[in-house]
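All remarks here apply to the structure that follows.
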Amino acid sequence: MFNIRVYGILIADDNILLCEESFRGVQMTKFVGGGLELGEGTIDCLKREFLEEMDIEINVVSHFYTTDFYQKDAFFENSQLISIYYVVEPANPLSVEYLQKINRTNKFGITFKFESLQDFNANKLTWPVDKYVAGLLLK
């Protein structure tokens, strides 16, 4: 069984967007995104996740990385995790309403934050694949 996750890397003004949330009692910091639903393409998934969670529309700029090593799923027994990362940008300039969502917890219990690229490193993230992607970003 496979669990496919799709994430967006949004960088604005030398800051990277991250989110903090809890799932099954595990507190995590990760890139914005979520699980691919049946019948959905990866880009549609990512656009849906940003719209649902942050109420913003995004454009996908480019594919950045897809997991190319085995990663056991942390939450589902006998499942392999495949993570796909895209570089994204807001479809419209970041509004005051959007910026007000930063550092506030939304209805899903997710808190979004901008981390300065100067202070950003792999240890800021929870999951092994995210840490690997952070290393690629910082090269």
Say we look at segment 102-117 and pick out the residues that are of a type in the set (D, E, K, R) and in a loop (DSSP other than H, G, I, E, B); which of these is modelled with the highest pLDDT? Lys107
Val129 being assigned to a strand (DSSP E or B), among the aliphatic types (A, V, I, L, M) and closer than 27 Å to Met1 by Cβ: no
Give the number of residues within segment 13-27 that are within 22 Å of Lys47 (Cβ to Cβ) and either modelled with pLDDT of 95 or more or in contact with a strand residue (DSSP E or B) (Cβ under 9 Å, 6 or more places away or on another chain) (or both). 7
Kindly provide the set of residues from segment 1-36 that are over 18 Å from Ile110 (Cβ atoms) and of a type in the set (D, E, K, R), ordered by number. Asp13, Asp14
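With the structure loaded, tell me whether Phe120 is outside any loop (DSSP other than H, G, I, E, B) and either in contact with a His (Cβ under 6 Å, 6 or more places away or on another chain) or surrounded by 15 or more Cβ atoms within 10 Å (Cβ to Cβ) (or both) or whether it fails that test. If you could, list the steps in order and put the result at the bottom.
Details: outside any loop (DSSP other than H, G, I, E, B): no; either in contact with a His (Cβ under 6 Å, 6 or more places away or on another chain) or surrounded by 15 or more Cβ atoms within 10 Å (Cβ to Cβ) (or both): yes.
When the stated conditions are applied, Phe120 does not pass them.
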Those residues of segment 103-131 which are over 25 Å from Leu51 (Cβ atoms) and without any contact (Cβ under 8 Å) to a residue 12 or more places away in the chain amount to Asp119, Asn123, Lys131
Would a scan of segment 86-100 turn up a residue that is under 15 Å from Thr126 (Cα atoms) and surrounded by 19 or more Cβ atoms within 10 Å (Cβ to Cβ)? no
Take the residues in segment 14-42 that are surrounded by 17 or more Cβ atoms within 10 Å (Cβ to Cβ) and aliphatic (A, V, I, L, M); name whichever of them is nearest to Phe75 (Cα to Cα). Leu36
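The values are calculated or read from the model by the stated rules, or taken from the named source; none is laboratory data. Keep in mind that this is a model prediction, so the values were computed, not measured. Neighbour counts are summed over all protein chains in view; Cβ atoms, including those assigned to glycine, are modelled from backbone coordinates with ideal geometry.
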